[in-house]
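The values are calculated or read from the model by the stated rules, or taken from the named source; none is laboratory data. Keep in mind it's a predicted model, so treat the numbers as computed, not measured. For neighbour counting, all protein chains shown are included, and Cβ atoms are generated from backbone atoms with ideal geometry for every residue, glycine included. Note: accessible area is taken over every heavy atom of the protein model, side chains too, but ligands, DNA and RNA are not part of it. Shrake-Rupley method; radii C 1.70, N 1.55, O 1.52, S 1.80 Å.
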Amino acid sequence: MNERILPEPRRDLAAIALLLCLGALLFADVLFLGRSLYLRDLTRYYYPTKRIVREVMLSGEMPYWNRYYEAGQPMAANPEYEVFYPPQWLILLPSYNLGYRLHIVFHIWASLVGMYLLLRSLRLRIWSALFGAMAFGLGGLVLSLVNLLPILFCATWIPWILIFVRRTLLVPTVRDFSLAGLFLGLQALSAEPTTLVQTWFLICMYALYRAWYSPPRLSTGARNLLLSGMMIGSGLLVGAVQILPAADHVGESARSRPFDFGLVTTWSMPFGKPLEMIYPNIFGHMSRAHVSWLWGSGMYRNTGSGFYYNIYCSLLLIALALAGFAVRPRGGRLILMIAGFASLIALGEHTPLFKVLYHLGLAKTIRYPEKFALMGIFAVIVFASMMFDRMARGDREVLQAAIGILLATSVFAGVATLFTFTPWYQSTFVALWGTRPASETKFMTQLYQVDWAVATVRGLVFAGLLYWADRRRVSQIWLATLLIVVAIDMGYVVRELIPTFPRAFFDPPPVAQTLPPDHASYRVFHEADWYGGADPARQYFATGSAVYWLVRNGMLPMTPAIWGVHTVLERDYDKTALLPTIDFVDAMWKVRDRGKKDWAEAFMAMSNARFRGVYVPFGEEKKRVGGQMQNGRPVRFVEAPQENPRYYFADQLVKAGDPQEFIDKLVKTSWSRRVGFVPFRPFKPAAGTVLSTRETNNTASIVVDSPATSFLIMSVTRNKYWSATLDGNPIQLRPVNIAYQGVIVPPGRHTVRMVYENTLVVAGGLVSLLSAFMLMVVLIRSRDPELVLPGRPGGFGGDPVVS
């Protein structure tokens, strides 16, 4: 008789419930107290950006265009917004704050359950699957991604994908093929490219592995790769609504131009990074009382911290993985190849390989090599979980090898702990990690001393538990105790990767009240954000636990969008800005560097910027708040001397065929604030009048009156998907001032209407809907509606991946 989805279903349901509870416990303050996750990109990018997505979607318009950043940028075409990714739609709940928090924690829960089901599908016992699920979903790897949401969203579905990819490769069925395609499609709708590539690499490596043990190897390998390609292709078809416009957007954005090698390799994994899997705090702590204490920050050029803040997934995990390599089980070489290849790519600038890939053109638009450590660590987690299962089944060879490794780590940590009590400790610390202020050095050395002591105890506790099982026997109570210790161990380390602030953190700061409430009519040029190396910036960003409050209090980009404020002339944080925007901002700095005194006023006038954000002198603000810098307002907004409307008539047109000519003419001559630099033959425009304007997210209607032929300038970023009509008749949009657009208006009163619609989104949407519908029909009409275990070929059990 066929078994159901998993053997012992009640125990499996209890195990899944336990994992969900552990995830809820880890995020209890977020879920139940309303506290705010804030680390890294969460504050400055994801919280405001997703609020914009919510606003546009609830308005009833298709979210084609984002009006808040850089005078307007594509939204649906940019995967960073994840407009079409269903789990993100939790942000549409009546409470944005609740929905935003839930859509993050949901992926932790999905990671836990997915890894558990994958490991159970490999015939691992419940305890072993629990161990692997905890190491993945609650480990440093995944929790480091909580502040890098596109990668978190993609990585979450890797175990779910591999369940059905593996089943299809073992015994192909249309049902399993459909499920693999649907989960690959769900991942593609998030469309983080490096995680997609890593997922596909894992699929292909497993396909070749199955062929190696299934003669004839050549034909089986070709068949497996064909099946893998078909599954990946079906996933891309499901994700076409995001993939098609995103591919098109690449050619229109900053990513169409090769990045500098230094930028591409910014987050290159140091050779010592894997040591975090044994000694999690060997390079410091990401957050202690909201302050980073990273004595190993110098290992990362220009960033001060790793792309993955910490990759610790339990000392027991790495001990079992190393023990597994020692006993040389079948499939161990596959894991070594995956982990080795991942490490080689992740090392980035530290090896010649990445430079070769860069010069071959294969890595010119992919930033941060450390991202690729994901697939290696994932493979190690699966392998270690299988070694846990062998240990739980009484394999003394694995058990004793793990004990030896754990004791070795404890001995090393113990020696290091003893050394911290010697007179040479502090000078060695400084020599190893660099000179810092005396107070910081004292705190760090004390913390490091505690870390080594904890590492010693950690190894001894795990070794003791394994030794107990070796001397007696593995029991249910012993396994439960072991997993409790694993949970405590990981919780102690990884909780600092997800620090939180009170829910009031995202309330409007006082400086927001200094801006007029008609936010939609003007923009802010946040000049202060550009001066990260200037004295005020360095002083404000050296205030420890106050730093994120200062970011919020100063409304640094992209946070103004949280409170409805539009910004322009800002930095391109995610490197997805349209090329006209890139050229315009680059021209601004070149004009400034060539000595034009009123450069800011000129570019603000062109960009509808009414306010300019500038730093308040640090000493002045520190004195005002009595040293309580979390209450400081590091930025003040200075109003421009003129109104700087978004839609206005040019009083003069000047020929500028390219950015360099634009720069030269702007520098050499003083122009009015209504001048328009155009690439076509200029004419003398009449002084028209803008009578009224009405904007939505994707449209603008401007009622104008002109005594003669005139030129209406619209300070909205130009893009090929904008179209315009004059009194309902199509009219040509023309480039002006590099980044913006305008129309020639004949005499009389007219209505100019602009509409933004990305036709590739529509086409991709049709492909996605049709593909998903077909896969769902196949799934529903399948004659085998239940997932089964080893009672039948190709069931959820099958052959273990690496056994």
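Numbers below:
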{"quantity": "Conditions (1) crowded, with 17+ Cβ neighbours inside 10 Å; (2) of a type outside the set (Phe, Trp, Tyr); (3) part of a loop (DSSP other than H, G, I, E, B); (4) modelled with pLDDT under 95; number of the one not met by Leu362", "calculated": "(1)"}
{"quantity": "Top-ranked residue of segment 343-359 - restricted to ones that are within 18 Å of Leu202 (Cβ to Cβ) and without any contact (Cβ under 8 Å) to a residue 60 or more places away in the chain, ranked as surrounded by the most Cβ atoms within 10 Å (Cβ to Cβ)", "calculated": "Ile345"}
{"quantity": "Which numbered condition Ala512 misses (of (1) crowded, with 17+ Cβ neighbours inside 10 Å; (2) in contact (Cβ under 8 Å) with a residue 60 or more places away in the chain; (3) over 24 Å from the mean Cα position of the chain (by Cα))", "calculated": "(2)"}
{"quantity": "When residues of segment 616-640 are limited to those that are in a loop (DSSP other than H, G, I, E, B) and among the aliphatic types (A, V, I, L, M), the one surrounded by the fewest Cβ atoms within 10 Å (Cβ to Cβ)", "calculated": "Val625"}
{"quantity": "The lone exception for Lys684 - which of (1) open to solvent by 80 Å² or more (accessible area, probe 1.4 Å); (2) within 41 Å of the chain's Cα centre (by Cα); (3) of a type in the set (D, E, K, R) it fails", "calculated": "(2)"}
{"quantity": "Some residue of segment 179-186 being in contact with a Lys or Arg (Cβ under 9 Å, 6 or more places away or on another chain) and of a type outside the set (Ser, Thr, Tyr)", "calculated": "yes"}
{"quantity": "Residue count, segment 704-739 (criterion: touching a residue at least 40 places away in the same chain (Cβ under 8 Å) and crowded, with 16+ Cβ neighbours inside 10 Å)", "calculated": "19"}
{"quantity": "Meets criteria (open to solvent by 30 Å² or more (accessible area, probe 1.4 Å), acidic (Asp, Glu) and either without any contact (Cβ under 8 Å) to a residue 40 or more places away in the chain or closer than 30 Å to Met714 by Cα (or both)) for Asp518", "calculated": "yes"}
{"quantity": "Members of segment 365-392 that are in contact with a Lys or Arg (Cβ under 8 Å, 6 or more places away or on another chain), aliphatic (A, V, I, L, M) and buried (at least 24 other Cβ atoms within 10 Å of the Cβ)", "calculated": "Ala373"}
{"quantity": "Given (1) surrounded by fewer than 16 Cβ atoms within 10 Å (Cβ to Cβ); (2) closer than 30 Å to Lys665 by Cα; (3) touching a Phe, Trp or Tyr at 6+ places or on another chain (Cβ under 8 Å), index of the condition Gly742 fails", "calculated": "(1)"}
{"quantity": "Segment 437-456 residues that are at positive phi, paired with ones that are at pLDDT below 95 and open to solvent by 20 Å² or more (accessible area, probe 1.4 Å) (beta carbon under 7 Å, 6 or more apart)", "calculated": "none"}
{"quantity": "Total residues in segment 661-679, condition part of a loop (DSSP other than H, G, I, E, B) and of a type outside the set (Phe, Trp, Tyr)", "calculated": "6"}
{"quantity": "Out of Glu55, Glu70, sole residue that is charged (D, E, K, R) and either at pLDDT below 95 or not in a helix (DSSP H, G or I) (or both)", "calculated": "Glu70"}
{"quantity": "Given (1) under 30 Å from Arg473 (Cα atoms); (2) in contact with a Pro (Cβ under 9 Å, 6 or more places away or on another chain), number of the condition Ala401 does not satisfy", "calculated": "(2)"}
{"quantity": "Residue satisfying condition, being over 19 Å from the mean Cα position of the chain (by Cα) and among the hydrophobic types (A, V, I, L, M, F, W, C), within set Ile158, Ile163", "calculated": "Ile163"}
{"quantity": "Filtered residues of segment 409-450 (kept if open to solvent by less than 40 Å² (accessible area, probe 1.4 Å), within 13 Å of Trp295 (Cα to Cα), part of a helix (DSSP H, G or I) and not aliphatic (A, V, I, L, M))", "calculated": "Phe429, Thr441, Thr445, Tyr448"}
{"quantity": "Every residue from segment 196-233 that is of a type in the set (Lys, Arg) and either open to solvent by 70 Å² or more (accessible area, probe 1.4 Å) or over 24 Å from Gly340 (Cβ atoms) (or both)", "calculated": "Arg217, Arg223"}
{"quantity": "Hey, Arg44 in a helix (DSSP H, G or I), within 23 Å of the chain's Cα centre (by Cα), within 30 Å of Gly491 (Cα to Cα) and touching a residue at least 24 places away in the same chain (Cβ under 8 Å) or not", "calculated": "yes"}
{"quantity": "Residue that is surrounded by the most Cβ atoms within 10 Å (Cβ to Cβ) [pool: residues in segment 521-555 that are in contact with a Ser or Thr (Cβ under 7 Å, 6 or more places away or on another chain) and of a type in the set (Lys, Arg)]", "calculated": "Arg523"}
{"quantity": "Filtered residue count, segment 61-85, keeping only those that are closer than 23 Å to Cys154 by Cβ and open to solvent by 50 Å² or more (accessible area, probe 1.4 Å)", "calculated": "0"}
{"quantity": "Entirely in segment 680-753, the strands (runs of 3 or more DSSP E) that have 2 or more residues that are in contact with a strand residue (DSSP E or B) (Cβ under 6 Å, 6 or more places away or on another chain), closer than 25 Å to Ala609 by Cβ and modelled with pLDDT of 95 or more", "calculated": "689-695, 699-706, 710-714, 722-726, 734-736, 740-745"}
{"quantity": "Counted residues, segment 567-598 - those being aromatic (Phe, Trp, Tyr) and touching a residue at least 60 places away in the same chain (Cβ under 8 Å)", "calculated": "2"}
{"quantity": "Residue that is nearest to Pro79 (Cα to Cα), among those in segment 575-607 that are open to solvent by 50 Å² or more (accessible area, probe 1.4 Å) and either touching a strand residue (DSSP E or B) at 6+ places or on another chain (Cβ under 7 Å) or among the basic types (Lys, Arg) (or both)", "calculated": "Lys575"}
{"quantity": "Matching entry among Arg167, Arg123 (being more than 30 Å from Phe525 (Cα to Cα), open to solvent by 10 Å² or more (accessible area, probe 1.4 Å), touching a residue at least 24 places away in the same chain (Cβ under 8 Å) and touching an Asp or Glu at 6+ places or on another chain (Cβ under 9 Å))", "calculated": "Arg123"}
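Conditions tested, residue by residue: (1) over 27 Å from Ile158 (Cα atoms); (2) free of Cβ contacts under 8 Å to residues at least 24 places away in the same chain.
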site	(1), (2)
Arg390	no, no
Glu397	yes, no
Ala401	yes, no
Ala431	yes, yes
Arg471	yes, yes
Val486	no, no
Gly491	no, no
